[in-house]
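Here is the structure we will look at.
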Amino acid sequence: MTIYNPQYIFCSCQHGAQNVLKNEILAAWPDFRLAFSRPGFVTFKIPENIPANSLSTLNLNSTFTRTSSVGLGKVSHDDPGTTIRTMLDQLPLDQIPTLKHVHVWERDSALPGTRDFEPGRNPLTDALASQIAIALAAKTGQPPATENKIAKVNDAILDVVLVEPNQWWYGWHQATTTPSRWPGGIYSIQLPPQAVSRSYLKMEEALKWARLPIQPGDLVAEIGSAPGGSCQSLLAKGLRVHGIDPAEMDPSVLNQPNFVHVRKKAAQVRRIEFSGVKWLTADANVTPNYTLDSVEPIVTHDQVNIRGMLLTLKLANWDLASKLPVYLERIRGWGYQYIRTRQLAFNRREICVAVMKSRASRRIKRSRKKK
């Protein structure tokens, strides 16, 4: 019988962000010990004082971790069938909950958006997930696990990471947060043909992750809107959008009836023009301090009431990641106490900051849905 004695966790992240992730985790969890790592994949040995039964739902509170798993082992073989059989033989199936999902993904091979690379599911990982689910069902006699789909809260998930084509690391976790329900912590979406930029992907993922209580008809101001990819995402959800950018917008966005182009820099827009805006997003190719300098006089104006924001902070170099607490404290000083950060899968060297004045309105939205 395979003994369930977890000794490490593994984390997936963006290709190139692994060193920042290491520093972040070790600062928050000083008893962890760095183990094996590759670009986009990091493992940590865990101390004995953390109960094994708590690891599957352990919240690392990490900005740069897409998803994490309780490590169970690794298999190296050139034949996928042999790899699957070996992996399943080593699983402590009698000591962990019934695995409801199989999530398979590849370690990022490049920075998102580089040479058309985008993270997430692909035909290979979907095919492997199907093969694993079929073999797992045959071994356990349970109904087949769902393959590379969004899990339900508290479902147990078998995670398989192709660190190399012939080297698979596997583990498991229980779905708790929204990203922990996604295969590899990545919201499954492809850039549609009509999208004018990959900012569409970033906005789609940001909205799914942040779960701000945005309603159709709400007015959103987008700072740094050109050429309009993120605006397309917002408009498709029935929102009214004011795009603030001195650069040109794509004609397909300009022709949308719910879109207004404010062809100015944010500092040139009169503050009173933001009086009807409920939500603000910003994704400008400038330093984090410049982004915050642009936003602060808007949200602190006495005739403006911005309920929440999605801010993209560009990290021109990874050293800026160490200043994240300073940036967040500045945002709190504007009266926004509910702040979360995440390097989205479709972000490049940048992070998304989701901001609201309180969590109350999110709770109200959830209660309305239940009714």
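The overall shape of the range 147-192, judged from the alpha-carbon gyration tensor, is oblate: a/c is not under 1.5, and a/b is no greater than b/c. When the listed pairs Lys149/Lys323; Lys74/Lys208; Lys100/Lys208 are checked against a 29 Å cut-off, the alpha-carbon distance exceeds it for Lys149/Lys323; Lys74/Lys208.
Of the residues Lys202, Lys139, the one with the largest accessible area comes first in the ranking Lys139, Lys202, computed with a 1.4 Å probe on protein heavy atoms. Rounded to the nearest 500, the 222 nm mean residue ellipticity of the chain from helices alone is -8000 deg cm²/dmol, with -39,500 (n - 2.57) taken per DSSP H run of at least 4 residues.
Here the relative contact order of the range 4-57, from alpha carbon pairs under 8 Å that lie six or more residues apart, stands at 41 percent. A convex hull fitted around the alpha carbon atoms of the chain yields 148 Å³ per residue. Rounded, prolate or oblate: which fits the range 93-132 when a ≥ b ≥ c are the square roots of the eigenvalues of the alpha-carbon gyration tensor, with rounded for a/c under 1.5 and prolate only if a/b beats b/c? Taking the square roots of the gyration eigenvalues as a ≥ b ≥ c, the range 93-132 is prolate. When both the range 171-203 and the range 281-321 are represented by their alpha-carbon centers, they are found 23 Å apart.
Database remark: amide H of Thr146 closer than 5 angstrom to the amide H of His101, Val102 (H placed geometrically; neighbours at sequence offset of 5 or more, or on other chains; Pro and chain starts carry no H).
Give the relative contact order (percent, whole number) for the range 222-313; include only Cα pairs under 8 Å separated by 6+ residues.
28 percent
Farthest towards the positive end of the charge dipole of the chain, among the residues Gln215, Trp172, Ala316, is the Cα of Gln215, using unit charges on the Cβ of Lys, Arg, Asp and Glu.
Dipole magnitude for the chain: computed about the Cα centre from +1 point charges on Lys and Arg Cβ and -1 point charges on Asp and Glu Cβ, it is near 1500 debye. Restricted to Cα atoms, the range 1-125 shows a radius of gyration and a Dmax of 15.5, 46 angstrom. Count the DSSP beta bridges whose two residues both fall in the range 114-272, then state the antiparallel fraction as a percent rounded to the nearest 5. If we restrict to bridges inside the range 114-272, about 45 percent are antiparallel.
Extending 7 Å from the Cα toward the beta-carbon at both Arg85 and Val326 defines two label points whose distance is 5.8 nm. Its relative contact order, with pairs defined as Cα atoms under 8 Å and 6+ residues apart, puts the chain at 14 percent. In terms of accessible area, using a 1.4 Å probe and ignoring ligands and nucleic acids, Arg66, Arg240 rank largest first as Arg240, Arg66.
Note on the range 157-256: along the principal axes its Cα atoms extend 48, 30, 20 Å, ordered by decreasing extent. Checking the cross-link pairs Lys22/Lys314; Lys45/Lys357; Lys45/Lys202; Lys22/Lys278 against a 30 Å limit on the alpha carbon distance flags Lys45/Lys357; Lys45/Lys202; Lys22/Lys278 as lying beyond it.
The values are calculated or read from the model by the stated rules, or taken from the named source; none is laboratory data. As the structure is a prediction and not an experimental result, all values here were calculated from the model. Glycine also receives a Cβ, built like all others from the backbone with ideal geometry; neighbour counts cover every protein chain displayed. We work out accessible area using only protein heavy atoms, side chains counted, and drop any ligands, DNA or RNA first. Shrake-Rupley method; radii C 1.70, N 1.55, O 1.52, S 1.80 Å.
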